[in-house]
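Accompanying notes for the structure given below.
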Amino acid sequence: MRIKFALFMVATLLVPTAFASDFVTKSNLTGFQLPKGALELTDEDFSDEMVGLLEEVADSLNGQCKYHELLYWEGSPAAIAKDLNAKIPKTFKFTSLDDGETEDGGGYEQFVLKDPKVWYAGVWFQGEKDVILAWCNVVKK
């Protein structure tokens with residue numbers, strides 16, 4: 001698992017210069033309102049490693065990813081997390097599956113958001129002054 005994270009972190013060094021579709025205020029995947037400054041990255045920016053990480057999370061739920069979304073913010077990770085958490089509907093239950101440090105001193109967390117109708121698998125990466133969030137909706141295999 002750590003090898004995949006190391007590979008992903010090398011790929012994400014290019015994120016600030018990656019092609020973006022647009023700044024967004026609402027997630028196209030979840031419909032959740034997003035913290036200010038969310039940049040939705042294109043499918044070309046969605047590395048195979050990240051898709052693999054999301055699939056691992058979905059597989060741990062006996063499912064697979066159907067659609068995915070990749071978001072990027074510059075700013076305080078704590079402030080972005082607090083703002084995003086406040087905007088997630090209370091019907092969703094958050095469960096952390098794994099967390100740790102990346103080789104560049106940042107952190108990551110694999111998680112699932114569940115409500116009675118839909119599940120989302122996600123991976124959150126945070127650096128000193130930026131955040132990457134990748135998530136997907138999970139469907140049964």
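The values are calculated or read from the model by the stated rules, or taken from the named source; none is laboratory data. Note that the coordinates shown come from a computational prediction; the quantities given were computed from them, not determined experimentally. When we count neighbours, we look across all protein chains shown, and the Cβ atoms used for this are built from the backbone with ideal geometry, even at glycine.
Things to note:
- Residues in the stretch 120-141 that are farther than 20 Å from Gly52 by Cα and crowded, with 17+ Cβ neighbours inside 10 Å: 2 in all.
- Filter result for Ala38 (farther than 22 Å from Asp22 by Cα, within 13 Å of the chain's Cα centre (by Cα), at pLDDT 95 or above and crowded, with 20+ Cβ neighbours inside 10 Å): no
- So Lys117, is it farther than 20 Å from Leu54 by Cα, more than 14 Å from the chain's Cα centre (by Cα), assigned to a loop (DSSP other than H, G, I, E, B) and without any contact (Cβ under 8 Å) to a residue 40 or more places away in the chain: no
- Looking across the stretch 119-141, the residues that are hydrophobic (A, V, I, L, M, F, W, C) and within 12 Å of Ala58 (Cα to Cα) come down to Trp119, Ala121, Val123, Trp135, Cys136, Val138, Val139.
- Just one residue in the set Glu44, Glu56 is modelled with pLDDT of 80 or more, part of a helix (DSSP H, G or I) and of a type in the set (D, E, K, R); that residue is Glu56.
- Top-ranked residue of the stretch 83-114 - restricted to ones that are among the hydroxyl-bearing types (Ser, Thr, Tyr) and outside any strand (DSSP E or B), ranked as surrounded by the fewest Cβ atoms within 10 Å (Cβ to Cβ): Thr91
- Considering the stretch 59-82, and only residues there that are more than 14 Å from the chain's Cα centre (by Cα) and assigned to a strand (DSSP E or B), the residue that is surrounded by the fewest Cβ atoms within 10 Å (Cβ to Cβ) turns out to be Lys66.
- Within the option set Thr25, Thr30, Thr17, being at pLDDT 95 or above and loosely packed, with under 13 Cβ neighbours inside 10 Å holds for one residue only, Thr25.
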